[in-house]
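Notes follow the structure.
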Amino acid sequence: MKPLIARVIQLPHWARMMLFVGVSATLLTAGLRAQPIPEAFAQEDKLHHLLGFLALSFSCRLAFLRVKLRWIAVGCLLTGIIIEYAQALMPLRTASAYDALANGFGVLIGLLIAWYWTRD
């Protein structure tokens with residue numbers, strides 16, 4: 001039996017693209033809410049940022065296997081910066097350099113996992 005990731009990579013392109021679109025929509029919906037998501041513990045939002053951008057970069061890599069990792073990283077990082085900037089413009093939200101840093105770590109970890117599982 002093939003490992004799960006091998007089966008995911010062999011999915012048709014449209015299925016991998018739908019995974020990416022779903023993750024992107026979820027991330028944008030959560031990131032651009034009028035009010036922040038309530039936290040169960042201090043700095044929980046940093047964990048949300050890390051996991052969200054890990055999922056974004058990983059799903060982006062699966063959707064665009066022929067695109068170089070550096071361009072996926074640039075696109076995901078710019079997405080995080082734009083979301084943080086948009087939050088600064090919202091009345092009940094604030095932008096945070098630490099959130100952007102958590103986004104960056106999420107992108108890095110997601111791409112490292114994707115690279116490891118998709119390498120030849």
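Every number in this text was worked out from the coordinates using simple rules, so none of it is lab data. Please read all numbers here as calculations on a predicted model, not as lab measurements. All Cβ positions, glycine included, derive from the backbone under ideal geometry; neighbour counts span all protein chains shown.
You will find that of A114, A42, the residue that is out of contact with any Asp or Glu (no Cβ under 8 Å at 6 or more places or on another chain) and closer than 25 Å to I9 by Cβ is A114 and no other. The residue pairs whose first member lies in the stretch 99-120 and is in contact (Cβ under 8 Å) with a residue 60 or more places away in the chain, whose second member is among the charged types (D, E, K, R) and surrounded by fewer than 17 Cβ atoms within 10 Å (Cβ to Cβ), and whose beta carbons are closer than 9 Å, counting only pairs six or more residues apart or on different chains, do not exist in this structure. Of the helices (runs of 4 or more DSSP H) that lie entirely inside the stretch 1-115, those containing 1 or more residues that are surrounded by 13 or more Cβ atoms within 10 Å (Cβ to Cβ) and not β-branched (V, I, T) span 13-31, 44-63, 69-88. The residues listed here are R93, R61, R33, R7; of these, the one that is under 21 Å from T118 (Cα atoms), over 12 Å from the mean Cα position of the chain (by Cα) and of a type in the set (D, E, K, R) is R7.
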